[in-house]
Amino acid sequence: MIQQSAFAVEPWEVRETELDLEKLAQTESVFALANGHIGLRANLDEGEPYGIPGTYLAGVFEVRPLPYAESGYGFPEAGQTVVNVTNGKLIRLLVEDEPFDVRYGELRSHERVLDLRAGVLRRKLEWVSPTGQRVRITSTRLVSFSQRAVAAVRYEVVPLEARTAVVLQSELVANEPLPGGEADPRAAAALASPLRSEFSDCRDMRALLVHSTKASDLRVAAAMDHIVHGPPDTETAVESFEDSARLTVSAELDPDKPLRLTKFVAYGWSGERSLTAVRAQVAAALAGAHHTGWDGLLADQRAYLDDFWQRADVEIEGDAELQQAVRFGLFHTLQAGARGEQRAIAAKGLTGPGYDGHTFWDTESFVLPVLTYTAPHAVADALRWRHRTLELARERAHLLGLAGATFPWRTIHGQECSGYWPAGTAAFHINADIADAVARYRGATEDDAFEREVGLELLVETARLWRSLGHHDAAGRFRIDGVTGPDEYSAIADNNVYTNLMAQRNLRAAVDAAERCRAEAAALGVDDEETASWRDAAQAMLIPFDEAKQVHPQAEGFTDHAVWDFKRTRPEQYPLLLHFPYFELYRKQVVKQADLVLAMHLRGDAFSDQQKARNFDYYEQLTVRDSSLSACTQAVLAAEVGHPELAYDYFAEAALMDLDDLEHNTRDGVHIASLAGSWIAAVAGLGGLRDYDGALRFAPRLPGALVRLRFRVTFRGRLLLVDVDHDRAAYSLLDGPPLELTHHGERITVQGEEPVVLAVPRAPTRPAPAQPQGRAPARRRPPQRG
């Protein structure tokens, strides 16, 4: 587990000043680079030692069997696991025939820096070999945002005392051995040698390997090219084999004279294109990178990120560590989806093998909302991927005896891969989550072409699902029975409030889209009778309420269950799912992650202020946060109902999830949804942003420790700047025409850069809610560190 002192606190960098091999796997995730298409874990340049080797391409997976003790109708028969593809990061060094390895000789200094503005990982070290040769090594690594198929490394070695013989070996390596799996069911299933060789070639300083996966039959190509700067007598040689290729560079270096290697790596893959076509694809990408050059790639990377930060930056005064963490979270959120271009955004992004590389509902509910207001093009691409899998979702619905489309709980390619149906297939809310992301994106961008081509059909098919899954009871209420909501410690419940409210929004959004796109809707078979049935179901949607307790039960009957015995639950028994049977969890009032509270965030228009306050207090005492998805949502509602200090505590937990390894599993990849949640906690929590019907509302309030909060929101062609302190909030437009919005219930119009300044009302005074014993968030006290 990473402790808080692992990284220096700086506004735009994450810096590690000592190499701790015990934390190597965690830091490989933290320092990972990606662009949504390629992902490189921060393995050391020399390849060893490592925690988990990792090079990933979005959408590249292998099929594996899903064994069952007893099979059942509709159970998925195969799983999908992300593949560690050909490693192009490797650059080995020999100093006077002694391999550079941080475990041998003397490592006098070692520093790694993730630069959030430059988009690179820098490494600098000084090493004395076992034979006494002292050298300085520096490297800079990037995964290009501007050229999505390209990664690059600049590597330099300098002898510091005597003339020294050095050899660099730049490699491509396929089928790297992986560490074994773990008992934790969240850990990825390791695959041994998943790639079979199809082609290898080398010439000059270039090399190319092509492999295919054995079961999923995906073709993957990796190529490398180099530029070498060294003494005139520097020699190079290149060779290739089935699973590896190597450029060897040999030189005799005088003291303080460098040998510099610039390495360009290109990747491509396809499930359909021929070997010749995939070879040509990576050759073209490599030629483009070589033409741009190292300095050009760096400049393009900085320009891309300058544009992103201009639209997305969140500035916090009063807590330097939280400032760093929020920018770190935004950087990884961008890396997860910026150039995915119609591929899934996985729960770990492309930073590790956790959860087998699957995407879940949290992409649509946590990641896409952030990107909607900061990088909306990435949202359109992610939803286009869902649309591409629509036929598979229709087939799944048909198998289950339902109309419309049933999207998978977890997947890489589009098929359902969850082998546990109560927390998989039964979690139908994912379909409404996708619809919610569609409606939010369209409302925030007014992208009518997307709605006609993609959004409408997603909304129509998910609305058809709800209409067939639910039914009108004898009293005319529309019920959705036997489903699982976001809380995975409850399952197969009737009328889960979150599910029903999100289905209601789905049905209404489908009606509205069908009315805007009448011709396209008619082509999908939608008629007035069908839209009327959607309206009726939405209007009659059953939302349970416990009159005795004056709270909403998470689902019908939930508040009648026995309360979990928190006092007898030991700290080491969390997370509960690893220490207690699901049968016991399902029968008790215990909440893994925000469920009803999430409904109050995303469907706050369906609750009164009094209901929100009472519900929040009730579910605080039941929620154990065994999921990294919970803290940011609890921060949002804590801020709304009048607990800004508690919101601050939860905000910090979400933001520091991976920098402090709070869940003890950052080694498997960072938690993209929780990192996105740091933006949600800041902007929707402390900033009070809501967007229920295409109209922006803000209700900002700050906790005592924070002095100022500034953030930007991209909305309908505008760039809005919100600047908040304890007494006032200022709204100004950095770009675009006038914008109407609401501040604490007061409607205003913002035009131009001249700010509209309004007072921030004080939060209502409420008793602090209680959490389960031992599960309160850490009290936030900003560290005084530099």
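The values are calculated or read from the model by the stated rules, or taken from the named source; none is laboratory data. Keep in mind that this is a model prediction, so the values were computed, not measured. Backbone-built Cβ (ideal geometry, glycine too); neighbour counts: all protein chains shown. To get the accessible areas, we keep the full protein, side chains included, count just its heavy atoms, and leave off ligands, DNA and RNA. Shrake-Rupley method; radii C 1.70, N 1.55, O 1.52, S 1.80 Å.
Comparison of ALA325, ALA303, ALA283, ALA312 shows that the only residue that is more than 24 Å from ASN431 (Cα to Cα) and touching a Lys or Arg at 6+ places or on another chain (Cβ under 7 Å) is ALA312. Only one of the numbered conditions (1) open to solvent by less than 10 Å² (accessible area, probe 1.4 Å); (2) under 20 Å from VAL314 (Cα atoms) is not met by ARG697, and that is (1). Of all positions in region 501-523, none carries a residue that is outside any helix (DSSP H, G or I) and of a type in the set (A, V, I, L, M). Within region 529-555, the set of residues being part of a loop (DSSP other than H, G, I, E, B) and more than 32 Å from the chain's Cα centre (by Cα) comprises ALA540, LEU542, PRO544, PHE545, GLU547, ALA548, LYS549, GLN550.
Of the residues making up region 740-756, those that are hydrophobic (A, V, I, L, M, F, W, C) and either modelled with pLDDT under 95 or under 30 Å from the mean Cα position of the chain (by Cα) (or both) number 1. Of the residues making up region 366-379, those that are open to solvent by less than 10 Å² (accessible area, probe 1.4 Å) and in a helix (DSSP H, G or I) are PHE366, VAL367, LEU368, VAL370, LEU371, THR372, ALA378, VAL379. State the number of residues belonging to region 757-767 that are modelled with pLDDT of 95 or more, in a loop (DSSP other than H, G, I, E, B) and either open to solvent by 50 Å² or more (accessible area, probe 1.4 Å) or acidic (Asp, Glu) (or both). Result for region 757-767: 1.
Selection of region 542-584 for residues being open to solvent by less than 50 Å² (accessible area, probe 1.4 Å) and free of Cβ contacts under 8 Å to residues at least 12 places away in the same chain yields GLN573, GLU584. Among the residues in region 617-629, are any assigned to a helix (DSSP H, G or I) and within 23 Å of the chain's Cα centre (by Cα)? No, region 617-629 has no match at all. Could you tell me which of the residues GLY717, GLY704 is closer than 19 Å to ALA375 by Cβ, more than 19 Å from the chain's Cα centre (by Cα) and surrounded by fewer than 23 Cβ atoms within 10 Å (Cβ to Cβ)? Just one listed residue meets the conditions, GLY717.
Listed here are the residues, each with its yes/no results for (1) in a strand (DSSP E or B); (2) in contact (Cβ under 8 Å) with a residue 24 or more places away in the chain; (3) surrounded by fewer than 18 Cβ atoms within 10 Å (Cβ to Cβ); (4) more than 23 Å from the chain's Cα centre (by Cα).
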residue	(1), (2), (3), (4)
SER29	no, yes, no, no
ALA42	no, yes, no, no
GLY51	no, yes, no, no
ALA69	no, no, yes, yes
PHE75	no, yes, yes, yes
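Out of region 280-327, which residues are charged (D, E, K, R), touching a strand residue (DSSP E or B) at 6+ places or on another chain (Cβ under 6 Å) and either part of a helix (DSSP H, G or I) or open to solvent by less than 60 Å² (accessible area, probe 1.4 Å) (or both)? Once the filter is applied, which keeps residues that are charged (D, E, K, R), touching a strand residue (DSSP E or B) at 6+ places or on another chain (Cβ under 6 Å) and either part of a helix (DSSP H, G or I) or open to solvent by less than 60 Å² (accessible area, probe 1.4 Å) (or both), region 280-327 yields ARG311, GLU315, GLU321.
Residue count for region 653-672, restricted to those that are assigned to a helix (DSSP H, G or I) and either open to solvent by 10 Å² or more (accessible area, probe 1.4 Å) or of a type in the set (Asp, Glu) (or both): 3. Quick check, is ALA237 open to solvent by 30 Å² or more (accessible area, probe 1.4 Å), without any contact (Cβ under 8 Å) to a residue 60 or more places away in the chain and more than 15 Å from LEU90 (Cα to Cα)? Judged against the criteria, ALA237 is a match.
I'm checking my understanding of the structure. Among residues of region 404-434 that are assigned to a loop (DSSP other than H, G, I, E, B) and over 25 Å from GLN342 (Cα atoms), which one is most open to solvent (accessible area, probe 1.4 Å)? Walk me through it before giving the result.
Of region 404-434, the ones assigned to a loop (DSSP other than H, G, I, E, B) are 404-410, 412-420, 424-428.
From what's left, over 25 Å from GLN342 (Cα atoms): 419-420, 426.
Details: GLY419: 39, TYR420: 90, ALA426: 5 Å².
Filtering region 404-434 for residues that are assigned to a loop (DSSP other than H, G, I, E, B) and over 25 Å from GLN342 (Cα atoms), the one most open to solvent (accessible area, probe 1.4 Å) comes out as TYR420.
The residue of region 258-279 that is farthest from the chain's Cα centre (by Cα), among those that are farther than 22 Å from HIS226 by Cα and assigned to a loop (DSSP other than H, G, I, E, B), is SER274.
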